[in-house]
Amino acid sequence: MVAMPAWDHFLIPMLDLLRDGQVRPLREIRNRLIESTLTDNQRAEMLPLGQPKADNRIGWAASYLSRVGAVERPTRGQYAISDVGQRTLREHSTGISERELRAYAQPGDTWWASTSAGPTPSPSPILVIEENEPLDPTEQIETGIARIHESVAADLLGRLHGNQPAFFEQAVLDLLMAMGYGGTEGRATRTQLVGDGGIDGIVDQDALGLSRIYVQAKRYALDSAVGRPEIQDFVGALHGNQANQGVFITTGCFSSGARSYAETIPTRVVLIDGARLAALMIRYGVGVQVRRTVQIVEVDEDFFE
């Protein structure tokens with residue numbers, strides 16, 4: 001599969017699209033560039049936080065061209081080529097890099113890196129980006145966050161697996177409550193460690209306990225799989241409690257047989273493996289704390305209208 005082109009790959013195609021002098025909305029520019037330059041697989045690529053990668057890279061190309069005056073924005077979200085853009089297109093018809101584009105910037109424009117030596121600095125010191133990695137600033141931030149989350153997830157699973165069973169069971173219940181499954185007046189109860197009947201916890205979703213979720217929590221080695229027999233035992237425990245829904249959570253993974261079995265039985269059993277468990281803990285703030293909040297800003301177009 002051919003990799004997604006870097007954001008500066010779209011600079012000349014965008015100018016070429018606008019060379020007729022017509023004013024076009026960014027949405028049209030994006031759609032036409034995506035259709036004419038990218039494969040289906042490239043169009044489907046997403047950033048770690050869910051935004052289409054092509055939309056983001058084309059947006060940055062438009063921003064850079066606007067900054068050097070190669071395109072003008074007569075109204076919000078509308079773009080047209082300028083005289084500078086026409087000259088850029090003539091002088092770099094086969095493509096232009098960020099470094100070459102800097103030559104068109106106005107003197108004293110500090111938005112660009114101060115010299116032409118080396119890549120544009122990363123927007124945050126916590127990120128580790130390869131020098132030649134073709135990422136725009138937003139992608140650098142999202143990639144950095146994804147790497148941090150990956151490291152934290154591994155640490156979370158190691159700590160959960162290394163702790164006592166009671167601690168893991170309570171952590172699982174804390175997560176379900178943080179996800180909102182306890183409702184506004186519900187509660188979560190951890191059952192006794194010995195003779196629990198195959199149920200490690202119960203989440204009451206209402207004050208009277210009329211709607212309940214039964215939980216099984218197993219600390220497995222991170223590379224060990226929960227098999228079909230364990231899921232069958234859990235389903236038997238659910239039936240023994242006249243329950244029709246439950247959640248089986250492990251620090252390990254599930255075998256294909258376990259997943260197939262859970263998908264075919266009438267009883268609703270949700271399987272959460274270690275990777276998903278760690279991701280949910282990060283998302284809902286269980287066992288983690290925010291070290292720093294970064295705000296990403298852009299110009300408010302309405303302010304200038």
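Considering every residue within region 158-174, establish whether at least one is more than 21 Å from the chain's Cα centre (by Cα), modelled with pLDDT under 85 and in a helix (DSSP H, G or I). No, region 158-174 contains no residue that is more than 21 Å from the chain's Cα centre (by Cα), modelled with pLDDT under 85 and in a helix (DSSP H, G or I). Checking Asp233, Asp302 one by one, the residue that is more than 20 Å from Phe167 (Cα to Cα), among the acidic types (Asp, Glu), modelled with pLDDT under 90 and in a helix (DSSP H, G or I) is Asp302 and no other. Of the residues making up region 208-219, those that are part of a loop (DSSP other than H, G, I, E, B) and either open to solvent by 50 Å² or more (accessible area, probe 1.4 Å) or of a type in the set (Val, Ile, Thr) (or both) number 3.
Test Ile296 against the criterion of being part of a strand (DSSP E or B) and either more than 29 Å from Glu150 (Cα to Cα) or open to solvent by 40 Å² or more (accessible area, probe 1.4 Å) (or both), and give yes or no. Before you say what the answer is, go through the steps one by one.
Working: part of a strand (DSSP E or B): no; either more than 29 Å from Glu150 (Cα to Cα) or open to solvent by 40 Å² or more (accessible area, probe 1.4 Å) (or both): yes.
Considered against the rule, which asks whether it is part of a strand (DSSP E or B) and either more than 29 Å from Glu150 (Cα to Cα) or open to solvent by 40 Å² or more (accessible area, probe 1.4 Å) (or both), Ile296 comes out as no.
Would you please name the residue that is farthest from the chain's Cα centre (by Cα), looking only at residues in region 1-30 that are over 20 Å from Thr138 (Cα atoms) and open to solvent by 50 Å² or more (accessible area, probe 1.4 Å)? Filtering first and then ranking leaves Asp20. If we keep just the residues of region 184-201 that are among the small types (Gly, Ala, Ser) and either within 12 Å of Pro165 (Cβ to Cβ) or surrounded by 11 or more Cβ atoms within 10 Å (Cβ to Cβ) (or both), which is modelled with the highest pLDDT? Among those that are among the small types (Gly, Ala, Ser) and either within 12 Å of Pro165 (Cβ to Cβ) or surrounded by 11 or more Cβ atoms within 10 Å (Cβ to Cβ) (or both), it is Gly201. Here Leu222 fits the description: assigned to a loop (DSSP other than H, G, I, E, B), open to solvent by 70 Å² or more (accessible area, probe 1.4 Å) and in contact with a helix residue (DSSP H, G or I) (Cβ under 8 Å, 6 or more places away or on another chain).
Out of the residues in region 133-156 that are in a helix (DSSP H, G or I) and of a type in the set (Asp, Glu), which is surrounded by the fewest Cβ atoms within 10 Å (Cβ to Cβ)? Among residues in region 133-156 that are in a helix (DSSP H, G or I) and of a type in the set (Asp, Glu), the one surrounded by the fewest Cβ atoms within 10 Å (Cβ to Cβ) is Asp155. Restricting attention to region 61-109 and to residues that are β-branched (Val, Ile, Thr) and open to solvent by 30 Å² or more (accessible area, probe 1.4 Å), the residue that is farthest from Gly21 (Cα to Cα) turns out to be Thr94.
Screening the candidates Phe234, Phe254 for the property of being of a type in the set (Phe, Trp, Tyr), open to solvent by less than 30 Å² (accessible area, probe 1.4 Å) and under 26 Å from Ser151 (Cβ atoms) yields one hit, Phe254.
Being within 26 Å of the chain's Cα centre (by Cα) and either part of a helix (DSSP H, G or I) or on the phi < 0 side of the Ramachandran plot (or both) is a property that Ala258 lacks. Can you confirm whether region 23-43 contains a residue that is over 16 Å from Met4 (Cβ atoms) and either in contact with a Cys (Cβ under 7 Å, 6 or more places away or on another chain) or assigned to a loop (DSSP other than H, G, I, E, B) (or both)? Scanning region 23-43, I find at least one residue that is over 16 Å from Met4 (Cβ atoms) and either in contact with a Cys (Cβ under 7 Å, 6 or more places away or on another chain) or assigned to a loop (DSSP other than H, G, I, E, B) (or both), so the answer is yes. Residues of region 149-168 that are within 16 Å of Arg291 (Cα to Cα) and touching a residue at least 24 places away in the same chain (Cβ under 8 Å): His149, Val152, Ala153, Leu156.
The values are calculated or read from the model by the stated rules, or taken from the named source; none is laboratory data. On a predicted model such as this, the values are computed, not experimentally measured, just so you know. Methodologically, a virtual Cβ is constructed for each residue, glycine included, from the backbone with ideal geometry; neighbour enumeration extends over all protein chains shown. The accessibility values were calculated without ligands, DNA or RNA, using every heavy atom of the protein model including side chains. Shrake-Rupley method; radii C 1.70, N 1.55, O 1.52, S 1.80 Å.
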